[in-house]
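> Please read through the structure below; I'll follow up with questions.
The values are calculated or read from the model by the stated rules, or taken from the named source; none is laboratory data. Everything numeric here is computed off the predicted structure, so don't read it as measured data. Because the Cβ atoms are built from the backbone with ideal geometry, glycine has one as well, and the counts that use them run over all protein chains shown. Note: areas computed on protein heavy atoms with side chains; ligands, DNA, RNA excluded. Shrake-Rupley method; radii C 1.70, N 1.55, O 1.52, S 1.80 Å.
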Amino acid sequence: MIHFEWLNLLPFLGSEHLHIANKLLICFILLGLTFLSRRALKKSENALIPSDHFSIKAFFENFVSIITSLSDLVVGSQGRKFIPFFSTLFIFIWFNNLLGLVPGMGAATSNVNTTLALGVFSFLVYNIYGFKEHGLSYLKQLMGPVLFLAPLMFVIELISHLVRPLSLGLRLYGNMVGDHTVLSIFLDLAPVVIPVAFYFLGFFVCTMQAFIFTILSMVYISIALSHEH
C-alpha cells in the first residue's frame, strides 16, 4: 500500500530514497535541538542545577538521567562511557519512529535497510569493545564452559551472535510497519476522533521499540565486557 508523503513533492527525490530523506530530516532536527540545549546551558547561571520547569534543557537532562540509570542497572558502572552511544541510539530511533505518526510523513524505521543498518551498527559496537576489553580471549565466550564441547558451542554461539543484528533490525522494522499501517488504515476509514486512540497506541509502540532496541544493545555490551565467562 503506497501512501502520500510530503517529501514526494520534491522533484529530485525518488520514492526509493524517501527513508534516507526522512533520516536526514531527523538528523537536522536533533542537531537543532542539541544546539538549542547547549545554548540554554551556556546562558544558565546554574547550569548544573536541574531545571524546575519544562524546557529543551530539562528534556535532555531527564532523558540522559533515565538512560544513565538504565545503563547502571544493565551494564554497571563501566557502562558510563557508553552513555553517548545509548542516548544517540535511543533518541535517533525514537524520533524516526515518531515521524511516522505525522500525517504525510514516513518513518525511516519502516524501511528494512534502516533497521538492519542499526542492528549491524549495534553488533559492531559491542563486538569491537568486547575485543578491546579481552583481546583474543573474547572468543572464549563462544566456546562454552566445557572444553570437549567447545567446537559445538563455538558454532552455536557464532550463529547466535550473527543472528542478533538480524533479530534487532527485523523486530524494529516489523513493529513499525505494523503500527503505522494500522494507523493509516484507521485514518482512511475515519479521519476524525477514532484515530486518536491509535495515535496514543502508536506513541507507546514507538517509544517501547526504541527502548527495547537500546536495552538489548546494553545487554549485549554488558555480556561482551563481562569477565565471568
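> Extension gain Glu61-Leu30, at 0.36 nm per residue separation less the Cα-Cα distance, in nm?
Value of the extension gain: 9.7 nm.
> Okay, next question. Report the Rg/Rh value for segment 105-152, based on alpha-carbon coordinates and the Kirkwood definition of Rh.
My calculation of the ratio gives 1.25.
> Let me ask another. In terms of the ratio Rg/(2.2 N^0.38 Å) built on C-alpha atoms, what value belongs to segment 144-189?
2.04
> Full extension from Ile212 to Glu16: what is 0.36 nm times the residue separation minus their Cα-Cα distance, to one decimal in nm?
Details: separation 196, 0.36 × 196 = 70.56 nm, distance 2.76 nm.
Using 0.36 nm per residue and subtracting the Cα-Cα distance, I get 67.8 nm.
> I would also like to ask the following. Mind checking the per residue accessible area of the chain for me, 1.4 Å probe, whole number of Å²?
59 Å²
> Separation between the Met143 and Arg80 pseudo-spin-labels, each 7 Å from Cα along Cα→Cβ, expressed in nm?
So the two model labels end up 3.4 nm from each other.
> Just the ratio, please: alpha-carbon radius of gyration of segment 89-229 over 2.2 N^0.38 Å, N its number of residues. Write down the numbers at each step before the final one.
Values: Rg = 19.0 Å, N = 141, 2.2 N^0.38 = 14.4 Å.
It is 1.32.
> Got a sec? Charge dipole of the chain, +1 on Cβ for Lys and Arg, -1 for Asp and Glu; which of Ile66, Ile93, Ser15 is way out at the positive end?
Ile66
> Which of Lys42, Lys23, Lys140 ends up with the largest GNM mean-square fluctuation for the chain, with Cα atoms connected below 10 Å?
Top of the fluctuation ranking is Lys42.
> Sticking with this structure for a sec: At a temperature of 4 °C and a viscosity of 1.567 mPa s, determine how fast segment 69-169 diffuses translationally according to Stokes-Einstein, using the Kirkwood radius over alpha-carbon pairs as Rh; express D in µm²/s, rounded to the nearest whole number. Kindly include the intermediate steps, with their values, before the conclusion.
On the way: Rh = 15.8 Å.
So the translational diffusion coefficient is about 82 µm²/s.
> Follow-up. Counting only protein heavy atoms, what percent of the accessible surface of segment 97-201 is carbon or sulfur at a 1.4 Å probe?
Here it works out to 77 percent.
> If packing is taken as the average count of other Cβ atoms within 10 Å, what order do 88-97, 204-213, 146-155 fall into, highest mean first?
Listed from highest to lowest mean packing, they are 88-97, 204-213, 146-155.
> Taking 0.36 nm per intervening residue step and subtracting the Cα-Cα distance, what contour gain separates Phe121 from Glu133 on full extension?
Between Phe121 and Glu133, full extension yields 2.5 nm more.
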